[in-house]
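Worksheet: the structure to be examined is printed underneath.
What follows draws every value from the coordinates through simple rules; no lab data is involved. Owing to the predicted nature of the structure, the values given are computational and were not obtained by experimental measurement. Cβ coordinates were reconstructed from backbone atoms using ideal geometry, including for glycine residues, and neighbour counts include every protein chain displayed.
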Amino acid sequence: MDWISAIVQGTLLGGLYALFAAGLSLIFGVMRLVNIAHGDLIVLAAYMGLSTTVMLGIHPFVALLIVMPVMAGIGYVLQRGILNRTLGDDILPPLLVTFGLSVILQNALLEAYSADPQKMNAGVIETASVPVGGLTLGVLPLLTFGIAVAVIAGLQFIFYRTSLGRAFRATSDNSDIAQLMGLNKTHVFGMAMALALAVTAIAGILLGIRTSFDPSVGGARLIFGFEAVIIGGLGNLWGTLAGGVILGVAQTIGAKIDPGWQLLAGHIAFLVVLAIRPQGLFPRVSH
Amino acid sequence: MPDPVLSLRSLDAHYGDFQALFGIDMDISEGEVVAIIGANGAGKTTLLRSIAGLLKNEAAQVTYQGGSIGALRADQVAHKGIALVPEGRQLFPSLSVEENLLIGAQTGRAGPWSLDKVYTLFPILKERKDQASTTLSGGQQQMVAIGRALMANPDLILFDEISLGLAPVIIKSIYDALPSIVGDGMTAMIVEQDISKAMSVSSRVYCLQEGRVSLTGATNTISRDDITRAYFGVEA
């Protein structure tokens, strides 16, 4: 029973990892940009949630109504103001610039909030649990997983059922020809980053409710996000969810064997997938 | 002669250090079908890409409907009503046939062309609408590329090598469809390797040679010998 419990807990944890990864996957899919600052943007969203809840005295989930649009706005401005200028045939400039952005974000957060670990207070929901078939599952992890599924489904809908998604896919296929259709590439990329950071806002708030955080934890979130994307296969959002779940389950099983093995087991699972199937488990069907 | 809808004045184009066009002057009137012919590398595709905004120019080098558009981006030019059917079709592989057509209407310009009208022109596309565009034959892909450009309801449509790599019977069916496309008063520029095809649908012709206009005139006044000279730059 303990093992089943570990697997179920890991699956639910995977939902959070999928939320870390969804924005990365989206940005890479649309504009081939690897955003090294993604983890720090998640932490930025967590701090924004913290400030909003403290100042306005509202529940973290209500704070999402403010943090999501603010993060989306930051994403749009960031993309059009800085990141669009780094995109081109050379893949190095975006890596260097987002790495620099990561350093700036960490230090700005350190100045503003100090290095003390902080946590958001979500009230009774943090400790509430429900019995499910002999297991006791936390309400928060269940909710997180449900939100992750909803977010992935929502992104999938946007990508394949709306004109915005059509613009994303067309620009990703061939940005010159997309321009001929009247699509302004810089605007389309701005919208993609806005959408990615709106998802990041959700991930950051859920992270900040689940665990304590400080300005330095972004790097590990980035790694988890990357691993989920690679395990799942590039460009496949449902694959990213599966990747997050595999990573989460590996970690909880590792922790079950020995608490010190939690992170190691996740990385090993990632390396095994990379060695056996470098393209990921569910890569987007190639055309 | 009415005011030209499109005027090029001393249009140059460069790819890095390489100059592809040298001081091109052209005037295209509304409703005209103009053929652009010339050997490989003469600058025909470069000319269309410059007009469509994929290559940057000085603002005043391209005038369209009375406004200077030379310095606009391709998406801004598209909103002005110029559509390009690019060489080699260049469909979006991630989009279905119908999505490829719908994205052509992204500019939201009003006009006679709609999804239904494109499907009436090319009925086969309706049967294939949910397929990936890459699963179509070359001729069907060319129909999608043309339909995609028409969906923008352009005033000026640029065709780049629409018969390239297609079987003769397909080329014939596409050229048979051309009159119903440009019949609505649409202005068209057609780049074509097949000179007789180009001459058969156009009223005027420009011949390019090494980035310069080497011959121009009404289609019915130009002889084969003139073209051969202008094409290759040698006495025939």
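Taking the range B:155-200 as the range and being within 14 Å of the chain's Cα centre (by Cα) and more than 27 Å from residue B:79 (Cα to Cα) as the test, the residues that pass are B:164, B:193, B:198. The lone criterion from (1) under 27 Å from residue B:231 (Cα atoms); (2) away from chain A (no Cβ under 13 Å); (3) touching a strand residue (DSSP E or B) at 6+ places or on another chain (Cβ under 6 Å); (4) of a type outside the set (Val, Ile, Thr) left unmet by residue B:60 is number (1).
Which one is nearest to residue A:33 (Cα to Cα), of the residues in the range A:153-165 that are among the small types (Gly, Ala, Ser) and within 10 Å of another protein chain (Cβ to nearest Cβ)? Can you show your working first?
Keep residues of the range A:153-165 that are among the small types (Gly, Ala, Ser), which gives A:153-154, A:163, A:165.
Subset that is within 10 Å of another protein chain (Cβ to nearest Cβ): A:163, A:165.
Details: A:163: 22, A:165: 17 Å.
Per the stated criteria, the residue is A:165.
Just one of (1) assigned to a helix (DSSP H, G or I); (2) farther than 29 Å from residue B:67 by Cβ; (3) more than 10 Å from chain A (Cβ to nearest Cβ) fails for residue B:129. It is (1).
Annotation note: of B:169, B:182, the sole residue that is in contact (Cβ under 8 Å) with a residue 60 or more places away in the chain, surrounded by fewer than 22 Cβ atoms within 10 Å (Cβ to Cβ) and either out of contact with any Ser or Thr (no Cβ under 8 Å at 6 or more places or on another chain) or of a type in the set (Ser, Thr, Tyr) (or both) is B:182. On the stretch given as the range A:166-183, residues that are more than 7 Å from every other protein chain (Cβ to nearest Cβ) and surrounded by fewer than 20 Cβ atoms within 10 Å (Cβ to Cβ) total 1.
When you scan the range A:62-69, do you find a residue that is under 28 Å from residue A:233 (Cα atoms) and surrounded by 14 or more Cβ atoms within 10 Å (Cβ to Cβ), even just one?
Taking the range A:62-69 first, the residues under 28 Å from residue A:233 (Cα atoms) are A:68.
Those left that are additionally surrounded by 14 or more Cβ atoms within 10 Å (Cβ to Cβ): A:68.
Among the residues of the range A:62-69, at least one is under 28 Å from residue A:233 (Cα atoms) and surrounded by 14 or more Cβ atoms within 10 Å (Cβ to Cβ), which makes the answer yes.
Which residue out of B:94, B:50 is assigned to a loop (DSSP other than H, G, I, E, B) and within 14 Å of chain A (Cβ to nearest Cβ)? Before you say what the answer is, go through the steps one by one.
Working: B:50 fails: assigned to a loop (DSSP other than H, G, I, E, B).
Only one candidate qualifies: B:94.
Take the conditions in a helix (DSSP H, G or I) and crowded, with 23+ Cβ neighbours inside 10 Å and apply them to residue A:269. Does it pass? Here the answer is no, as residue A:269 does not meet what is asked. Applying the set (1) farther than 23 Å from residue B:46 by Cβ; (2) part of a helix (DSSP H, G or I) to residue B:110 leaves exactly one unmet item: (2). Condition check for residue B:135 on (1) more than 14 Å from chain A (Cβ to nearest Cβ); (2) among the hydroxyl-bearing types (Ser, Thr, Tyr); (3) surrounded by fewer than 17 Cβ atoms within 10 Å (Cβ to Cβ): one failure, at (1).
Mind checking whether some residue in the range B:104-121 is facing another protein chain (nearest Cβ under 9 Å), buried (at least 16 other Cβ atoms within 10 Å of the Cβ), polar (S, T, N, Q) and closer than 21 Å to residue B:54 by Cα? Explain how you work it out, then say what you get.
So the first thing to find is which residues in the range B:104-121 are facing another protein chain (nearest Cβ under 9 Å), and the list is B:104-109.
Right, trim to buried (at least 16 other Cβ atoms within 10 Å of the Cβ) and you get B:104-107, B:109.
Okay, now just the ones that are also polar (S, T, N, Q), so B:106-107.
The next check asks that each one be closer than 21 Å to residue B:54 by Cα; those that pass are B:106-107.
Within the range B:104-121, one or more residues are facing another protein chain (nearest Cβ under 9 Å), buried (at least 16 other Cβ atoms within 10 Å of the Cβ), polar (S, T, N, Q) and closer than 21 Å to residue B:54 by Cα.
Count of the range B:55-69 residues, restricted to those that are touching a residue at least 24 places away in the same chain (Cβ under 8 Å), surrounded by 19 or more Cβ atoms within 10 Å (Cβ to Cβ) and either of a type in the set (A, V, I, L, M) or part of a loop (DSSP other than H, G, I, E, B) (or both), is 3. Answer with yes or no whether residue B:45 is outside any helix (DSSP H, G or I) and more than 11 Å from chain A (Cβ to nearest Cβ). For residue B:45, the condition - outside any helix (DSSP H, G or I) and more than 11 Å from chain A (Cβ to nearest Cβ) - is not met. Within the range B:110-129, residues that are of a type in the set (Gly, Ala, Ser) have Cβ atoms under 7 Å from residues that are surrounded by 11 or more Cβ atoms within 10 Å (Cβ to Cβ) and not in a helix (DSSP H, G or I) in these pairs: B:110/B:153; B:111/B:153, counting only partners at least 6 apart in sequence or on another chain.
Residue count for the range B:70-81 under the criterion of being at the interface with chain A (Cβ under 9 Å from one of its Cβ atoms) and either in a loop (DSSP other than H, G, I, E, B) or touching a strand residue (DSSP E or B) at 6+ places or on another chain (Cβ under 9 Å) (or both): the result is 4.
In the list A:135, A:197, which residue meets the criterion of being more than 14 Å from every other protein chain (Cβ to nearest Cβ) and surrounded by fewer than 20 Cβ atoms within 10 Å (Cβ to Cβ)? It would help to see each step written out before you state the result.
Values: A:197 fails: surrounded by fewer than 20 Cβ atoms within 10 Å (Cβ to Cβ).
One residue alone meets the criteria, A:135.
Considering the range A:207-227, the residues that are among the hydrophobic types (A, V, I, L, M, F, W, C) and outside any helix (DSSP H, G or I) include one that is farthest from residue A:47 (Cα to Cα), namely A:217.
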